[in-house]
1. Which of the residues belonging to the stretch 241-274 are open to solvent by 100 Å² or more (accessible area, probe 1.4 Å) and closer than 30 Å to residue 221 by Cα?
2. If residue 82 meets every condition in (1) of a type in the set (D, E, K, R); (2) within 16 Å of the ligand (Cβ to nearest atom); (3) open to solvent by 30 Å² or more (accessible area, probe 1.4 Å) apart from one, which number is that one?
3. Here are some residues: 263, 229, 256, 177. Which one is in contact with a strand residue (DSSP E or B) (Cβ under 8 Å, 6 or more places away or on another chain), farther than 14 Å from residue 137 by Cβ and of a type in the set (Phe, Trp, Tyr)?
4. If only one of 93, 114 is closer than 22 Å to residue 203 by Cβ and among the acidic types (Asp, Glu), which one is it?
5. Are there helices (runs of 4 or more DSSP H) fully within the stretch 1-60 with at least 3 residues that are in contact with a helix residue (DSSP H, G or I) (Cβ under 7 Å, 6 or more places away or on another chain)? List them.
6. Exactly one of (1) away from the ligand (no atom under 16 Å from the Cβ); (2) in a loop (DSSP other than H, G, I, E, B) is unmet by residue 227. Its number?
Amino acid sequence: MKQTVDFLKMKRNQEMITMVTAYDAPTAKIVEDAAIDLILVGDSLGMVVHGHQGTQPVTLDDMLLHTKAVARGAKQTFIVSDLPFMTYHRSIEDTVTNATTLVQTGGAHAVKLEGCTGLILDSIERLTSGGIAVMGHLGLTPQSSTVLGGFKVQGRGEQERTKLIEDAKRIEASGAFALVVECIPESLTKELKDILAIPVIGIGAGKADGQVLVFHDLVGLTTGYIPKFAKTYANVHDVMLQAVEQYRDDVLRESFPDERYTFKDAKKERSTSV
Ligand code: KIV
């Protein structure tokens, strides 16, 4: 399994870093089998798995449940788990307790948190000095979408751009091992990549040191709005829909279950295995 130092080395060697979200054991196994470098148990699960409009309803218990499932499905891949809405805004002690839950009980190898307040910077320092690796997240930070005025491109104005660069430097100085940047102009991503020693992992941010996509967007399982930056590589939704429709038709015309899927009396069939 790759470690945080390997991601730093990959950046130095200009090797691209790949990250994909996963929320359960089978999707985690697919991501691991595809030799993706990092799995993110993203709080995007609030939207793509639980059907919420945003990430704010996601709780620590939700993240814990999904992180445990991912850890069972992918034993050889570095797992980052999102600290959900308002679980790192009260005190450093509270943040440490919540991050410890995701790592110690959930099986994550690192946590990700959004934004850059004084408390967040102090928490990053405390977590990393205590042994919990931290990934930062700047730009469009979905947990603050209400304050940001919705899901919008960030860092376009000169002031916003300067602040984002300063925040990124602070996050690195506090000890984060990587930084996700979401929905910012590519020119800003390039500047961040050049300034920071830690890898900058982009989503809707153009070329960076690595890329992350949401699993459901990538495989075509997301229904409804798909953001411009999400490239869809398959249409799994339609494949699943067709399978369920065929099953329905088979049951209606009584062609399922046929002999192959049916048990016989003990006299006719020895095996008891299902
Ligand atoms: O929750 C998530 O999936 C994320 C990615 C969009 C980076 O934070």
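The values are calculated or read from the model by the stated rules, or taken from the named source; none is laboratory data. Nothing here was measured: the structure is a model prediction, and the numbers come from that model. As a convention, Cβ positions derive from the backbone with ideal geometry for all residues, glycine included, and neighbour counts pool all protein chains shown. Protein only, heavy atoms only, side chains kept; ligands, DNA and RNA dropped before computing areas. Shrake-Rupley method; radii C 1.70, N 1.55, O 1.52, S 1.80 Å.
1. Passing the criteria: 242, 246, 247, 248, 252, 253, 254, 261.
2. Among (1) of a type in the set (D, E, K, R); (2) within 16 Å of the ligand (Cβ to nearest atom); (3) open to solvent by 30 Å² or more (accessible area, probe 1.4 Å), residue 82 violates only (3).
3. Criteria check complete, one pass: 229.
4. Result: 114 is the single residue among 93, 114 that is closer than 22 Å to residue 203 by Cβ and among the acidic types (Asp, Glu).
5. Values: elements: 4-12, 25-33, 45-48.
Result: 25-33.
6. In the conditions (1) away from the ligand (no atom under 16 Å from the Cβ); (2) in a loop (DSSP other than H, G, I, E, B), residue 227 misses (1) alone.
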